[in-house]
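Asker: Sharing a structure, written as structure tokens. Questions coming.
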Amino acid sequence: MIHFLDSLPAQAVTLSDLMARLEYNEEELQVALDCLLEHRLVVRQEIPEAGMTFYRLSDRKPAQAMMGWFRAWCRRWRERLQAAEGVLGVGWHWGEKRHE
């Protein structure tokens, strides 16, 4: 989810948008969003007149710094998995849902 939101930094999306793009169910996404909201990495924007709620990554400097750290960590993690794949001949996704 973070990668998807990070790919659209100036765009807010609905839970339905996330469900369609990420192929997770509403409960799984809501748990993830609640965690990200608690850590102030995601911002919730409610439009009561339309009955809609949107989510986007926070533009706070600490949140942006954490996202940069997370992107670097993911890049290193994937490099390690690719190296393991080369040695073991096992795919990198190892039971994860793969989203490209």
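Read-outs throughout are calculated quantities, based only on the coordinates presented, and are distinct from any laboratory measurement. None of these values were measured; they are calculated from a predicted model. With ideal geometry, Cβ positions are generated from the backbone for all residues, glycine too; neighbour counts draw on all protein chains shown.
Asker: So which trypsin sites (Lys or Arg not before Pro) in region 1-59 pass both tests, a DSSP loop state and at most 13 other Cβ atoms within 10 Å of the Cβ?
Answerer: On the way: sites: Arg21, Arg40, Arg44, Arg56; in loops: Arg40.
In loop regions of region 1-59 (DSSP not H, G, I, E or B), the sparsely surrounded trypsin sites (Lys or Arg not before Pro) are Arg40.
Asker: Listing Tyr55, Tyr24 from the residue with the fewest other Cβ atoms within 10 Å to the one with the most, what is the order?
Answerer: Working: Tyr55 20, Tyr24 16.
Least crowded to most crowded, the residues run Tyr24, Tyr55.
Asker: Also, quick follow-up: Calculate for the chain the 222 nm mean residue ellipticity that helices alone would give, adding -39,500 (n - 2.57) per DSSP H run of length 4 or more and normalising by residue count, nearest 500 deg cm²/dmol. Walk me through the numbers on the way to the answer.
Answerer: On the way: 4 runs with 55 residues, N = 100.
Taking each H run of at least 4 residues, the total per residue is -17500 deg cm²/dmol.
Asker: How would you order 29-38, 6-15, 72-81 from highest to lowest mean count of nearby Cβ atoms within 10 Å? Write out the running numbers ahead of the final one.
Answerer: Values: 29-38: 14.4, 6-15: 12.7, 72-81: 10.8.
Most protected by this proxy first, the peptides run 29-38, 6-15, 72-81.
Asker: Once phi is turned into ³J(HN,Hα) by the Karplus curve 6.51 cos²θ - 1.76 cosθ + 1.60 with θ = phi - 60°, what whole-Hz value does each residue of region 16-28 show in order, with x for glycine and proline?
Answerer: 4, 4, 5, 4, 5, 7, 9, 6, 10, 7, 4, 5, 4
Asker: Give the long-range amide H neighbours of Ser58: residues separated by 5 or more places, or on another chain, with amide H under 5 Å away, using H modelled in the peptide plane at 1.01 Å from N.
Answerer: Val42, Val43
Asker: Suppose a student asked you for the relative contact order of the chain, using Cα pairs under 8 Å spaced at least 6 residues apart; what percent would you report?
Answerer: Numbers: 68 pairs, mean separation 22.4, N = 100.
Relative CO of the chain lands at 22 percent.
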